[in-house]
Amino acid sequence: MANDELPKLTRRNMSQEVYDILKEKILSKYFAPGQRLNLAEIEQQMGVSRTPLKEALNRLALEGLVEIKPRKGTFVTDPSPTEIAEAFDVRRVLEVYAVELAAKRVTESQLQQLRDKVKKLRSLTEVEDWTQIYQEYVAIDHEFHRLIVEFAGNKRLKELWEQVNTHVQMARARYRSAERELDQAQREHEEIMKAFEARNIDALREAMSYHIERAKQSLLRDLEESKGQKHSP
């Protein structure tokens, strides 16, 4: 790791800040799946002691982002295709329920926030080279779905979604460098918004379920292609 990659910390809540930074580095692929973390190097670069670092790593382990192996070290999780599929399946259940709750209580101001996200996503799909905007698209897409879960008004649902969606983000970061179906994804976002505007709960459930299932299948295809490329001569 380059010496200037991890910032030194200044806030009082060191454990929280270490957690935030390491999580971002894992999701952005700065730390690769399966990589063994050099804890001494991380401590030196960030200017922290082992205690807040261990507290942060324990939180990351609970979320499934790292695996702590006694006498071997701490490793970034390398999710299997089955684990990825399961994360998407649980996410689909949670978000289908979230749109049902949100449709009953969403305000005009909240709807406008969702409209703004969909509008921004639409503008990104209009560029010619999707590889240049993919990471930004993923970030805004994540925010769109996060807002829906937030507008559902169920704290425990939000906590579960955040935990499961972390695994989804990790899989997307690893296995996909360019989304080949952004136009299809955008049509699905538009359908979700159309159902929200009409407060049509049945249409919302159907649109969200289809959207997440298609994303899962697309990602798993990318994974299979990636494995095939590794084994090709």
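The values are calculated or read from the model by the stated rules, or taken from the named source; none is laboratory data. Bear in mind the structure is a predicted one, so any value in this text is a computation, not a measurement. Note: ideal-geometry Cβ built from the backbone for every residue, glycine included; neighbour counts use all protein chains shown.
Observations on the structure shown:
- Residues being over 11 Å from I148 (Cβ atoms) and touching a Gly at 6+ places or on another chain (Cβ under 9 Å) - total across the range 73-103: 7
- Options H189, H167; residue that is at pLDDT 95 or above and surrounded by 20 or more Cβ atoms within 10 Å (Cβ to Cβ): H189
- K120 meets the conditions (1) more than 18 Å from K194 (Cα to Cα); (2) modelled with pLDDT of 95 or more in every case but one. The failed one is (1).
- Subset tally (residues that are in a helix (DSSP H, G or I), under 14 Å from I148 (Cα atoms) and either touching a helix residue (DSSP H, G or I) at 6+ places or on another chain (Cβ under 6 Å) or among the basic types (K, R) (or both)) for the range 195-208: 6
- Residue match in the range 129-140 (condition: in the same structural domain as H211 (by TED's automatic domain parsing), closer than 18 Å to A198 by Cα, surrounded by 17 or more Cβ atoms within 10 Å (Cβ to Cβ) and touching a residue at least 40 places away in the same chain (Cβ under 8 Å)): no
- Search result, residues across the range 170-184 that are at pLDDT 75 or above and either touching a strand residue (DSSP E or B) at 6+ places or on another chain (Cβ under 6 Å) or not in a helix (DSSP H, G or I) (or both): E181
- All of L101, L114, L124, L94 fail the test of being in the same structural domain as K216 (by TED's automatic domain parsing), within 16 Å of the chain's Cα centre (by Cα) and over 28 Å from V18 (Cα atoms), apart from L94.
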